[in-house]
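What follows draws every value from the coordinates through simple rules; no lab data is involved. Everything numeric in this text was worked out from a predicted model, so none of it was measured. Cβ sites come from the backbone with ideal geometry, for glycine too, and all protein chains shown count toward neighbours.
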C-alpha cells in the first residue's frame, strides 16, 4: 500500500502534477504475533534497546553472517578492516566494478557512506577488544566474542548517555531527570523495572528525525591537505551523489571509512533549525532524475502513523497549560518569523504536525527545543530503566564495580583514538563538541581510555618471579597471618 505525496503547483523544484511514490510503513503484529485489532503500529528495523544491534544484528541468524567464520571471536571484516560485502546487490547502487554493498547489523548501513563508516568503527572496536582480552589471558573463542560484545555494547550505552545526551539535552537537564551517568565506583544502577515498555514510541520515531536538519550539503574524506569544499576535489562529494553508493568507502586505497570518521569528528554539522540542505530537501535518493523531499516524507510519515498534532505534546506530555491552543498567541515557543511561516501553510496552530512544530521551536542553551526534550527524556528513561542488561547493573547482566569503573573511563574520543588516529593526533576531549576553551584538544596519548585490567586472567603463579601481582600479594598476606597466628599476634 502507498501513501503518496502529491506535488503542489507552487513547488519550485518538483514538476507540477507529479507525486512521490511512498510505500506505507510495514505493520507490526501484536505481542502474541496476531494481527492487531487496535490502531496500526509499525515495525522497527532493529531492536529498540541500545544494545549494539546496528553492529551485531537483531537476530541469531543475522549475527552468524556477521561473525568471522574462521575465527568466530571476531566480527567479519574485509581488506582494509572494512565491513564485509553484502551479496544482495540491490542493497545499494554500485557504480565502480569490484566494489560491493556493505553488510552490517542494520540494513541502513548503505544509505550514506558516513553512516557506514560509524558502523565500521564499532566493528573495528569489537575486534580490538578481542585482542586486548587475549592479552589478558582469555582463550575460548565463544567467551571472547560474548565478552567483547558485552563490553562494546556497554561503551555504546555509556557514550550515548554520558556524551551524546549531555550535548543534546545538556547535563543540567539530565541531572534534573536522573539520567546522568555517575562516575561512582561504589554503586550500581538500581532503577531497573521489568514492567517498563521499552518499545520505541511512535512519536519518538518521528521526533528523532531532528537529525535530518544536521545533514550536510557535502561529504568529504579527511586528508592531510587544507580543508576545501571544492566539488572538483575528488575527496569531496555532494550529498545527493552519495546516497546508497559505497564508493567513498573504497577511495584512497580503501581507507575511505576512517577518513569519513575523521571528517565527521573534525567538522561541524549544520545547526538544529527548520532548514534542510538542498541535497535532502529536494534531491533525496536522487537517481535517474527522480528524487524525494525528506521534510515532506517526515511530515507524511507522521500522518500515516497517526501521530497527534504538535500542540497535544505540549499539553499532555510536557505539561504546559495552553489557554486557547487554537489561537496563534499560544505559539510561545516560536519566534515571530517562524509563526508567520507556519500561518502561511496551516489554518490553525492545532493543525501543526509534530515534526514541523518541534523542529521550529526557538532554542536557547540546548541543541533542541522544549517539546523534543520532553519526548526524548521519556524515551531514553524507558530505554535505560527497562533494560535488564543495562551496563550499570551488577553481574551477571552487568559488570562488577571494578569493571564498571574501567568502562566509565571510555569516550567516543577514546574509541576514535584507538581505531582511527595515532597517539600523537590532537582531538577534542568530547567528540560531540567542536574543540574550544571549554573542550580542549589533547593528543590521543592523553585521552583517558577503556581500562580492561579488571578482566585479567593472566595471574602468574610462581612466587619466585618477583612479580607484584594480585595473587602473590594475597598469598604473602595469608602467610603473614599464619605466622602472626603462631605468635598469638593475629591482626584483623
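Some observations on this one:
- Taking the number of Cβ atoms within 10 Å of each Cβ as an exposure proxy, the fewest-first ranking of 16, 451 is 16, 451.
- Label-point gap, in nm, between residue 317 and residue 254 - each point 7 angstrom along Cα→Cβ: 4.4
- Segment residue 99-residue 196, length gained on full extension (0.36 nm per residue, minus Cα span): 30.5 nm
- Over the chain: helical MRE at 222 nm, DSSP H runs n ≥ 4 each giving -39500 (n - 2.57), nearest 500: -10000 deg cm²/dmol
- Spin-label proximity, residue 433 to the range 156-177 - amide N less than 16 Å from point 7 Å beyond Cα toward beta carbon: 159-175
- Backbone N within the range 1-21 under 17 Å of label point (7 Å from residue 303 Cα along the Cβ vector): 2-11, 17-21
- Crossing angle, helix 294-304 versus the chain [Cα axis fit, 0-90 degrees, rounded to tens]: 90
- Judged by the ratio a/c of the largest to the smallest principal axis of the C-alpha gyration tensor, the range 343-387 counts as oblate, that ratio being 1.5 or greater while a/b is no larger than b/c.
- Pair residue 451, residue 401: separation of 7 Å Cα→Cβ label points (nm): 1.4
- Neighbour counts of other Cβ atoms within 10 Å put 374, 318, 33, 2 in the fewest-to-most order 33, 2, 318, 374.
- Here the gap between residue 41 and residue 236, fully extended at 0.36 nm per residue and compared with their Cα-Cα distance, gives a gain of 66.2 nm.
- Rounded, prolate or oblate (a/c below 1.5 giving rounded, otherwise prolate when a/b exceeds b/c) for the range 1-117 by Cα gyration tensor: oblate
- Among (i) 86, 82, 44; (ii) 97, 59, 54; (iii) 68, 65, 42, the entry derived from the coordinates for Cα extents along the principal axes in Å: (ii)
- A full extension of the chain between residue 365 and residue 278 corresponds to an added length of 28.6 nm, given 0.36 nm per residue minus the alpha carbon distance.
- Angle in degrees between helix 256-266 and the longest Cα principal axis of the chain, rounded to the nearest 10: 80
- Residue 378-residue 327 FRET efficiency (beta carbon distance; Förster radius 22 Å; 0.05 resolution): 0.25
- Cβ-derived FRET efficiency at R0 30 Å, residue 24 paired with residue 217, nearest 0.05: 0.50
- The order of 233, 335, going from fewest to most other C-beta atoms within 10 Å of their C-beta, is 335, 233.
- Kirkwood-based Rg to Rh ratio, the range 150-272, C-alpha trace: 1.06
- Mean-position separation - Cα centroids, the range 1-61 and the range 410-428, in angstrom: 36
- Cβ-derived FRET efficiency at R0 45 Å, residue 143 paired with residue 441, nearest 0.05: 0.70
- Against the main long axis of the alpha-carbon atoms of the chain, helix 370-385 sits at an angle near 40°.
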